[in-house]
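Before any comments, here is the structure.
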Amino acid sequence: MSRDLQWRIFWGDLSPFALLSGGALLVIASDRVAHALLALAALAWVYCLSALAVFGGAGLFPARGRRVLFAFIASSAAGLYLLLLSLVFPLAALQVFFAVALAPALCAGSGICRRIEGMGLPRALRASLAEALVAGSLIVILSLIREPLGFRSLSLPGGARGVMLFYPFGAESPFFLRLLSGSPGALLLLGYALGAHRLAKARHAEREGGE
């Protein structure tokens with residue numbers, strides 16, 4: 001991965017961490033590990049399918065209105081993902097509907113479709129997948145904190161209820177830990193994560209300036 005691409009993914013103004021839709025997706029999809037994994041798969045699907053569409057139709061797209069067209073492509077990819085997921089795990093598809101609906105907003109808002117124009121197909125797919133994995137991995141990491149502490153369980157997609165639950169941690173969590181399973185707890189963790197990200201971004205910029 002090139003140094004310029006690393007900068008945009010992790011520290012740039014259009015990184016998944018800097019977008020409002022990314023924050024909303026982080027809160028909604030990180031309540032359970034099962035939902036986080038499905039959201040990660042949705043992001044990878046939407047980003048990569050959008051990259052393929054942009055690469056295949058680059059010569060056909062009009063000069064004006066490309067942002068709207070890119071948003072339509074990403075939304076169509078998310079709709080196809082939900083359709084396929086509903087055929088395999090119908091209840092899981094309902095549970096992650098809003099999370100998947102935010103994936104096109106994150107993809108379109110990041111500007112990835114515009115930035116990969118002119119790239120070769122392998123490079124465009126690598127760049128798209130890398131950005132999707134950054135956002136999706138953060139969601140999974142946060143879910144690994146929220147679900148065990150808040151619900152005292154771990155989950156995977158599948159089963160009659162849409163998720164398969166595992167209860168290895170015994171009794172119910174204390175109240176202050178159960179707060180992590182709700183939106184207030186997720187926002188609290190998100191605040192700490194954004195603070196850590198800004199600190200790391202500032203130190204990265206200092207190192208870049210010193211070189």
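Observations on the model:
- Protection proxy ranking of 89-96, 64-71 - average other beta-carbon atoms within 10 Å, highest first: 89-96, 64-71
- Built amide H within the under 5 Å cut-off of residue 163, gap 5+: 158
Read-outs: derived from the displayed coordinates by stated rules, not from any lab. Everything numeric in this text was worked out from a predicted model, so none of it was measured. Glycine gets a Cβ as well: all are built from the backbone with ideal geometry, and neighbour counts include every protein chain shown.
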